[in-house]
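First the structure, in the form of structure tokens, and then the observations on it.
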Amino acid sequence: MRAPIRTTEPLLRRNFLRGRPGDPVRRREFLETLGCGALGLGLLGGAALPGRLPAGSAPGSSEFAGWLWIGRRPEKTAAEWRALFSRLGQAGFRGVLVGGQFDAPIADAAHAAGLEYHRWMWILNRPGDTWARENHPEWYAVSRAGDSTIEAPPYVEYYRWVCPTREPVRQHLRQLIGEAAREPAVDGIHLDYIRYCDVILPRGLWKKYGLVQNRELPQFDFCYCPSCRGQFKDRTGRDPAELPDPPADAEWIRFRWDAVTRVVTELAEVSRGAGKAISAAVFATPTLARRLVRQAWDEWPVDRVFPMMYHPAYDEGVPWIGESIREGVEALRGSGTELNAGLYLSALDPPVLAEAIRMARVEEACGFSLFDLNALTDERLEAVENTLWEIRATDRGLSEHHRQAGVRRHLLAG
Ligand SMILES: [Zn+2]
């Protein structure tokens, strides 16, 4: 894993990005910019100054780069996948996060273009797990109102959540992840729905569901199954179902953050045990993620997080994306976990998309991920490519500047 070194002077780097590479820079600041490896590659690898972008971003590279979620896969031939991925590689993408079953032709096409292929998998919300539904109805999470998601899914039909505190549930998940990670053509596992059901929806969605959620409502508050109640009572002597004010109980809140973190920790061990990377799609910021879905993701032992900074869901604009990245990067400082900003493509026209990507770089994300392929028009892809080229050219120019400054200093010192 990369050395967890990040700058503490973002303002300085903002000046760099505005094209002032001649500014004096101290060595400490240079070293601190190595967080995502962008400058480090130029220095340590002795890379030449850029002309055009190299084709793709080789696996293992940690240049500022793009990722793409591919959810509902469009019908494409192997040749069409190769053409698409070749285009993504040229534009500066690093990898694809692909939903659904493993698909060898898609994985091969990704690798031929120099892209990483990660399996995008739903973890605790498992609507498609018919085996679990038929054989283990007791695994499903129970609300404070007493309803199981197997019989009464909250919000939408596909919300069928399993309970993270049950060892057989975690064993089932470890097995699924182990099978996926052992496939040689899979470069990493990407966890999604690795959280509790939304106890509070993002504000921009309240109207859609006809709800006012300025407090935790019992029908959306999980999990009060016998396993959770028993384990919490063993630990604290108190039954969660009888707490006077469950949403305000610090131990009960922490119990559930830790329950999700434990699942992540176990799945990370399985994936890494197979030699594969592990990442997760998470809610926008550590604060929102804890409050809305009980994810303490800045405590997770993963290689990357992809916070979903889907601004329309929060009734927010693009500046909020930058603020969210800043909070996440700050929370992860020193952890070694990379942050890639998840962008909601269909709400970002090309110039605004370019602005959001620049913002990700300025706020020290390691890259960004686009949701999803179906909204990736030619115009958007062109905006991504131009912006990545601009950012990398700036990064490499800076790197060369620092390298020369370092050589001079060495000579003077000698
Ligand atoms: Zn439970």
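Where a number appears in this text, it was derived from the coordinates with a stated rule and is not lab data. Note that the structure is predicted; figures quoted are calculated from it, not measured. Glycine gets a Cβ as well: all are built from the backbone with ideal geometry, and neighbour counts include every protein chain shown.
Please label the shape of the range 233-293 as rounded, prolate or oblate, based on the square roots a ≥ b ≥ c of the eigenvalues of the alpha-carbon gyration tensor (a/c under 1.5 means rounded; beyond that, a/b larger than b/c means prolate, else oblate). Mind showing how you got there, number by number?
On the way: a/c = 4.89, a/b = 1.77, b/c = 2.76.
Oblate, since a/c reaches 1.5 and b/c is not below a/b.
Computed FRET efficiency, Cβ-Cβ of residue 155 and residue 73, R0 30 Å: what is it to the nearest 0.05?
With a Förster radius of 30 Å, E is 0.75.
Dipole size in debye (nearest 20) for the range 289-392 around its Cα centre, Lys and Arg Cβ +1, Asp and Glu Cβ -1?
Values: 10 positive and 19 negative charges, 75 e Å.
Here the size comes out at about 360 debye.
Based on alpha-carbon centroids, what's the gap between the range 243-297 and the range 315-371 in Å, whole number please?
21 Å
Once you have a ≥ b ≥ c as the square roots of the Cα gyration tensor eigenvalues for the range 161-259, tell me rounded if a/c is under 1.5, and otherwise prolate or oblate according to whether a/b is larger than b/c.
Oblate is the answer for the range 161-259, as a/c is 1.5 or above yet b/c matches or exceeds a/b.
For the range 132-201, what does the alpha-carbon gyration tensor say about shape, rounded, prolate or oblate, given a ≥ b ≥ c as the root eigenvalues, a/c under 1.5 as rounded, and a/b over b/c as prolate?
Prolate shape, in that a/c is at least 1.5 and a/b is the bigger ratio.
What net charge is computed for the residues neighbouring residue 300, neighbours being all others with C-beta under 14 Å from the C-beta of residue 300, Lys and Arg scored +1, Asp and Glu -1?
Details: positive: 195, 262, 272, 290, 294, 304; negative: 192, 258, 266, 269, 298, 299, 303, 338.
Taking every Cβ under 14 Å from that of residue 300, the sum is -2.
Tell me, in nm to one decimal, what length is gained between residue 122 and residue 87 on full extension, where the rule is 0.36 nm per residue of separation less the Cα-Cα distance?
Between residue 122 and residue 87, full extension yields 9.8 nm more.
Only sites in a loop by DSSP and with at most 16 other Cβ atoms within 10 Å count here; which chymotrypsin sites (Phe, Trp or Tyr not before Pro) in the range 155-222 make the cut? Intermediate values should be presented prior to the final figure.
Values: sites: 155, 158, 159, 161, 193, 196, 206, 209, 220, 222; in loops: 155, 158, 159, 193, 196, 206, 209.
Loop-located and lightly packed - 155, 158, 206, 209.
So for 108, 221, fewest C-beta neighbours within 10 Å to most, what's the order?
108, 221
With N residues in the range 96-230, what two-decimal value do you get for its Cα radius of gyration over 2.2 N^0.38 Å?
Details: Rg = 17.3 Å, N = 135, 2.2 N^0.38 = 14.2 Å.
Scaled against compact globular proteins, the figure is 1.22.
Taking a virtual spin label 7 Å from the Cα of residue 262 along the C-beta vector, which residues in the range 138-169 bring their backbone nitrogen under 20 Å of it?
Once the point is set 7 Å along Cα→Cβ of residue 262, 138-144, 149, 161-169 turn out to lie under 20 Å by backbone N, inside the range 138-169.
Given 0.36 nm per residue, what is the gain on full extension from residue 287 to residue 382 after removing their alpha carbon distance, in nm?
30.8 nm
Using a Förster radius of 30 Å, what is the FRET efficiency between residue 212 and residue 243 based on their Cβ-Cβ separation? Nearest 0.05, please.
FRET efficiency, residue 212 to residue 243: 0.80.
For the range 270-354, what is one quarter of the convex hull surface built on the Cα atoms, given in nm²? Don't skip to the end; give the middle numbers.
Details: hull surface 25.3 nm².
Directional mean of the projected Cα hull area for the range 270-354 stands at 6.3 nm².
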